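To start, the structure itself, in structure tokens.
The values are calculated or read from the model by the stated rules, or taken from the named source; none is laboratory data. In this text the structure is predicted, and so the values were computed from the model without any measurement. Neighbour counts run over all protein chains shown; Cβ positions are idealised from the backbone, glycine included.
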Amino acid sequence: MRRLMNLTPGAGGRLLLGLLPFMLLLLVYLAASADRLAENPNDKLLPSMAQFAEAIRRNAIEPNVRTGEVVFWVDTEASLKRLGIAVAASAAIALFIGLANGLLPLVRAGLSPLITAISLIPPMAILPVLFIVFGLGELSKGVLIALGITPFLIRDLQARALELPEEMLIKAQTLGASTWLVALRVMLPQLLPRLIDAVRLSLGAAWLFLIAAEAVAATEGLGYRIFLVRRYLSMDLILPYVVWITLLAWLVDWLLARLSRLAFPWYQADSKGGH
Amino acid sequence: MSAPVPQQPVLQLTSVAKSYGDNRVLERINAEVVAGEFVSVVGASGCGKSTFLKLLLGTEQPSRGQILLDGQPLPQEPGPERGIVFQRYSVLPHLTVLGNVLVGLEMQRAPLLGKLFGKARAQALAEARAMINAVGLSHVEGHYPRALSGGMQQRLALAQALVVKPRFLLLDEPFGALDPGIRADMHQLMKRLWRDHGLTVFMITHDLKEGFSLGTRLWVFDKVRHDPQVPTAYGATITYDIPLNQSKALPPSIAAALNQPAAEFA
């Protein structure tokens with residue numbers, strides 16, 4: 001018998017082992033739910049699968065009687081739009097500043113301390129300030145997400161830029177590159193896949209800030225809905241929404257990973273080689 | 001190897017010295033190098049070979065003295081007048097072999113976009129492909145550097161540096177990380193490129209045999225003066241300047257003076 005540490009699962013085994021905890025959790029839930037409902041059919045805490053299906057049907061398939069809209073999709077669209085715009089804007093700003101900081105010591109000396117200071121402000125603490133300054137509309141939600149993730153993205157990109165071997169930058173200069181061309185042809189293309197990595201890491205925080213902002217002030221959105229129906233103890237809607245948000249987060253992450261593989265084949269080979 | 005006709009020197013070093021604070025690394029370096037010379041620079045570790053390279057490269061400035069390129073002061077930062085091949089990290093990982101050789105031509109000819117189009121691009125492509133062919137990488141033109149062996153990466157680095165026709169080429173232990181067989185191939189290639197392109201080359205190496213077999217001139221860096229109380233008081237200088245045209249045999253008196261382990265001479 002080999003040592004435990006030397007036993008590795010096969011492809012099927014890995015899938016089975018991966019699914020097992022999910023199945024167990026589901027079973028535990030179903031048992032607990034059936035238990036509670038047997039005792040009190042009006043219990044709202046652990047809804048049955050049928051109750052989930054009914055809530056989903058009401059919110060995701062049937063249009064709202066008053067507005068004619070399907071609430072679930074309105075919420076999804078509103079949240080994804082907010083998240084997408086805020087994250088894209090943050091990434092663009094971070095790429096620009098991170099590159100400038102990484103390449104130009106003069107800019108780095110001026111901006112680096114400020115960015116470090118900003119990154120230490122808890123964004124939630126200045127959410128009231130954002131609402132006061134930018135109003136309760138879309139802008140303050142976007143600014144909260146941007147404030148939450150941009151400093152992290154900048155610092156990460158700056159570090160990645162500084163990690164590029166000095167030799168490469170010297171070589172580019174001996175090939176006749178100006179500062180501008182080093183930025184354009186040497187640094188920018190090498191930072192783009194690293195930007196995708198950094199954005200993937202920051203998405204968890206971005207979702208957190210999105211839902212927090214929606215919980216405080218919004219008229220639609222996934223976070224708004226969860227906090228709204230909390231008043232009616234609507235676990236039958238909250239739990240599917242949480243699963244849906246998780247699924248969306250996973251999907252966005254997967255798409256970004258896929259984009260990185262397709263757009264930057266040289267980078268993948270690099271990271272697999274692991275030097 | 002035919003000796004070049006004496007002419008106006010490409011590089012002139014006059015009383016060049018370099019110190020970092022109280023630490024004198026180089027002192028009293030006087031030398032002239034004419035076009036077509038292949039200078040091998042050898043010396044023990046810590047003798048200032050790398051500092052000397054940085055002075056020529058422009059990433060460090062001499063504390064005293066001056067370096068002239070074609071009679072003009074050498075620009076104080078790396079530029080297209082000099083080419084460099086490092087031991088590692090010389091090529092751009094995000095460009096293919098062709099892209100790596102093309103990029104120098106593109107950056108010099110298109111200062112705004114760094115990209116060429118139409119006729120200019122076709123012309124640059126032809127030049128790049130000729131250079132890639134000269135270093136024997138035509139069959140992997142579309143590969144990324146990551147997929148190349150160490151020797152092939154160094155061939156690519158050479159092609160990348162040479163395609164923009166620098167006034168002189170700096171090699172910083174370029175073959176140090178390669179297997180002996182590959183290294184021999186690279187020596188052949190280097191000799192051929194040097195002859196075909198009429199290059200002026202400085203090669204830093206710690207492999208004495210390599211220095212002797214490749215160069216037309218061998219510089220040995222060492223400290224002539226020594227203060228046992230303050231080892232950093234005096235810097236190294238060119239202690240031997242050996243022409244290698246006539247004889248490639250290693251004079252025993254020099255071998256003894258080099259403070260190198262005997263294995264290095266094998």
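Tabulated values for the structure
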{"read-out": "Residues located in segment A:228-270, provided they are in contact with a helix residue (DSSP H, G or I) (Cβ under 6 Å, 6 or more places away or on another chain), assigned to a helix (DSSP H, G or I) and closer than 26 Å to B:VAL91 by Cα", "value": "A:SER260, A:ARG261, A:TYR267, A:GLN268, A:ALA269, A:ASP270"}
{"read-out": "Filtered residues of segment B:197-239 (kept if part of a loop (DSSP other than H, G, I, E, B), without any contact (Cβ under 8 Å) to a residue 24 or more places away in the chain and not aliphatic (A, V, I, L, M))", "value": "B:ARG225, B:HIS226, B:ASP227, B:PRO228, B:GLN229, B:PRO231"}
{"read-out": "Considering residues of segment A:169-191 that are within 33 Å of the chain's Cα centre (by Cα) and within 7 Å of chain B (Cβ to nearest Cβ) only, the residue farthest from A:TRP207 (Cα to Cα)", "value": "A:LEU181"}
{"read-out": "Output for segment A:175-189, where each listed residue is free of Cβ contacts under 8 Å to residues at least 60 places away in the same chain and crowded, with 19+ Cβ neighbours inside 10 Å", "value": "A:LEU175, A:GLY176, A:ALA177, A:LEU181, A:ARG185, A:VAL186"}
{"read-out": "Any chance A:LEU255 is within 14 Å of chain B (Cβ to nearest Cβ), at pLDDT 95 or above and within 25 Å of A:LEU83 (Cβ to Cβ)", "value": "no"}
{"read-out": "Qualifying residue in segment A:17-31 (condition: in contact (Cβ under 8 Å) with a residue 12 or more places away in the chain and not β-branched (Val, Ile, Thr))", "value": "yes"}
{"read-out": "Single match in A:LEU7, A:LEU95 (criterion: surrounded by fewer than 11 Cβ atoms within 10 Å (Cβ to Cβ) and either basic (Lys, Arg) or farther than 30 Å from A:LEU239 by Cβ (or both))", "value": "A:LEU7"}
{"read-out": "Filtered residue count, segment B:133-145, keeping only those that are buried (at least 19 other Cβ atoms within 10 Å of the Cβ) and either under 14 Å from B:ASP179 (Cα atoms) or in contact with a Lys or Arg (Cβ under 9 Å, 6 or more places away or on another chain) (or both)", "value": "3"}
{"read-out": "Segment B:92-121 - residue that is more than 8 Å from every other protein chain (Cβ to nearest Cβ) and surrounded by 22 or more Cβ atoms within 10 Å (Cβ to Cβ) and, of those, farthest from B:ALA31 (Cα to Cα)", "value": "B:VAL97"}
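Residues are listed down the side, and each one gets a yes or a no for (1) closer than 22 Å to B:LEU218 by Cβ; (2) out of contact with any strand residue (DSSP E or B) (no Cβ under 7 Å at 6 or more places or on another chain); (3) in the same structural domain as B:GLY58 (by TED's automatic domain parsing):
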| site | (1), (2), (3) |
| --- | --- |
| B:LEU158 | yes, no, no |
| B:PRO174 | yes, no, yes |
| B:ALA184 | yes, yes, yes |
| B:LEU199 | yes, no, yes |
